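Peer 1: What follows is a structure written as structure tokens; I'll ask about it next.
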Amino acid sequence: MTTRSPHLTLGLAVAAFAFVLDQLTKWVVIDVLSLPRKGQIEIMEIFNLTWAENCGISLSLLANCNDTTRWSLVALTSVVAGAVLVWMTRERAKGDVLALAMIFGGALGNIVDRVRYGYVADFADLHFGDFRPFLIFNVADACITIGVLLLVARALLLSDKDADRDTAAADTGAAKE
């Protein structure tokens, strides 16, 4: 029998925060600053707000702006987000729950964009001269990337003993409730 994660409430709060922050920044960029009409606003020498409509997935793969692609990506992303949520409800390690929450919140933000606009609204443009270490992104993309990197780092860097300690601490906390 699978038990609920003792860190689920915290995870859902982090996911909600990531989602709200993503949608809030998009509202500011789209509606308050009118970035789609301006195209680009220089904020600092190394950071611009640059409008980009991403109809595809990461790296603009599958970037075909039609209804079939749009709704297929909504469905696919929803399935992935659902799987992440299920994993998050069962995960015992607090660090993994937080990483999964970032992924879940970011995925929800990008799903809302696809449903609402037909594309994901990207705007964050970090650059050093002509060198751009990242494609133009948004808060949801950053949350997803950071969450995945945290999961990979924890999987690669934590020993089984550390993972057992995390699980035991979670079980002890759950027993006190």
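The values are calculated or read from the model by the stated rules, or taken from the named source; none is laboratory data. All values derive from a computational prediction rather than experimental measurement. Cβ: placed from backbone, ideal geometry, glycine included. Neighbour counts: every protein chain shown. Accessible surface areas use protein heavy atoms only, side chains included; no ligands, DNA or RNA. Shrake-Rupley method; radii C 1.70, N 1.55, O 1.52, S 1.80 Å.
Peer 1: Quick one: would you say N48 is farther than 30 Å from L158 by Cα, of a type outside the set (D, E, K, R) and part of a loop (DSSP other than H, G, I, E, B)?
Peer 2: So N48 does not fit the description; no.
Peer 1: Any residue that is modelled with pLDDT under 95, of a type in the set (K, R) and open to solvent by 70 Å² or more (accessible area, probe 1.4 Å) - is there at least one of those in the range 123-138?
Peer 2: yes
Peer 1: Just the residues that are in a helix (DSSP H, G or I) and touching a helix residue (DSSP H, G or I) at 6+ places or on another chain (Cβ under 7 Å), please, taken from the range 114-153.
Peer 2: R114, V115, V139, A140, D141, C143, I144, I146, G147, V148, L150, L151
Peer 1: Continuing with the same structure: Go through L24, L59, L12 for me and flag whichever is assigned to a helix (DSSP H, G or I) and at pLDDT below 90.
Peer 2: Result: L59 is the single residue among L24, L59, L12 that is assigned to a helix (DSSP H, G or I) and at pLDDT below 90.
Peer 1: Out of the range 2-17, which residues are in contact with a Leu (Cβ under 8 Å, 6 or more places away or on another chain) and either aromatic (F, W, Y) or open to solvent by less than 60 Å² (accessible area, probe 1.4 Å) (or both)?
Peer 2: The first filter runs over the range 2-17 and keeps only residues in contact with a Leu (Cβ under 8 Å, 6 or more places away or on another chain), leaving 7, 10-11, 14-15.
The answer is H7, G11, V14, A15.
Peer 1: List pairs: first in the range 78-89 and open to solvent by 60 Å² or more (accessible area, probe 1.4 Å), second among the aliphatic types (A, V, I, L, M) and at pLDDT 95 or above, Cβ under 6 Å, 6+ apart or cross-chain?
Peer 2: W87/L100
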